[in-house]
1. Anything in region 1-26 that is modelled with pLDDT of 85 or more, of a type in the set (D, E, K, R) and buried (at least 17 other Cβ atoms within 10 Å of the Cβ)? List them, or say none.
2. Which count do you get for residues in region 9-39 that are within 16 Å of residue 53 (Cα to Cα) and either acidic (Asp, Glu) or touching a Ser or Thr at 6+ places or on another chain (Cβ under 7 Å) (or both)?
3. State yes or no: is residue 56 among the acidic types (Asp, Glu), under 17 Å from residue 130 (Cα atoms), in contact with a His (Cβ under 7 Å, 6 or more places away or on another chain) and open to solvent by 10 Å² or more (accessible area, probe 1.4 Å)?
4. Considering only region 40-86, how many residues are touching a Ser or Thr at 6+ places or on another chain (Cβ under 9 Å) and hydroxyl-bearing (Ser, Thr, Tyr)?
5. Is it the case, given these coordinates, that residue 35 is open to solvent by less than 80 Å² (accessible area, probe 1.4 Å) and either in contact (Cβ under 8 Å) with a residue 60 or more places away in the chain or farther than 15 Å from residue 137 by Cβ (or both)?
6. Being part of a loop (DSSP other than H, G, I, E, B) and of a type outside the set (Phe, Trp, Tyr) is the filter here; which residues of region 21-41 pass it?
7. Are there any pairs, at least 6 apart or on different chains, whose C-beta atoms fall under 7 Å, with the first in region 118-129 and open to solvent by 70 Å² or more (accessible area, probe 1.4 Å) and the second charged (D, E, K, R), and if so, which?
8. Select from region 72-91 the residues that are surrounded by fewer than 18 Cβ atoms within 10 Å (Cβ to Cβ) and either touching a residue at least 40 places away in the same chain (Cβ under 8 Å) or aliphatic (A, V, I, L, M) (or both) and list them in ascending order.
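The values are calculated or read from the model by the stated rules, or taken from the named source; none is laboratory data. Remember, it's a predicted structure, so these values are computed and weren't measured experimentally. Cβ atoms come from the backbone with ideal geometry, glycine included; neighbour counts cover every protein chain shown. Accessible surface areas use protein heavy atoms only, side chains included; no ligands, DNA or RNA. Shrake-Rupley method; radii C 1.70, N 1.55, O 1.52, S 1.80 Å.
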Amino acid sequence: IYGGKLTGYRATAQKTLAIFDYTLGNRGFGDPARIEKLRHFLLAGRAHRLRIALHDSDVLERHEPRLLMLLRQLPASIAIHRTVGQARNATDPFVVADDHSVWHLQQHGQPRAIVALHSPADASPIRERFEEIWELSEPAIGSSTIGL
């Protein structure tokens, strides 16, 4: 999903994409082709979801208008949260596609990541970690507040 690799994860995901990152800055969510792929993924089924947990949502609000427009168009399919409390200690951005594929940056700012496609054993602990972070987060950006 990062560094131009969204196509592989979007194609791998059947229903859900879960993303944890600091800001989503410099992750390519301003790319029209990436947003179109996300749109097609989300429109492919009623149960398709994109959940994003960020430490800081300000960068997204200021610099990712295409993603915000997609949120406004598909508010039931996308949720964006901001971490609070203990979740703010997380330092390893990752993406989980369904319960079977993962992209995991071991440390923020490092160039190397672990990628495991169609490997539930590798994805399961990261998926559980996302759920913990999600529980320790709060809604950050709603579809009704865009542009205000």
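1. Residue satisfying the conditions is 21 alone.
2. 1
3. Numbers: among the acidic types (Asp, Glu): yes; under 17 Å from residue 130 (Cα atoms): yes; in contact with a His (Cβ under 7 Å, 6 or more places away or on another chain): no; open to solvent by 10 Å² or more (accessible area, probe 1.4 Å): yes.
When the stated conditions are applied, residue 56 does not pass them.
4. Selection size over region 40-86: 2.
5. So residue 35 passes the test.
6. Within region 21-41, 23, 24, 25, 26, 27, 28, 30, 31 meet the criteria.
7. Taking only residues 6 or more apart or on different chains, the pairs are 120/99.
8. Correct list: 72, 74, 75, 76, 84, 85, 86.
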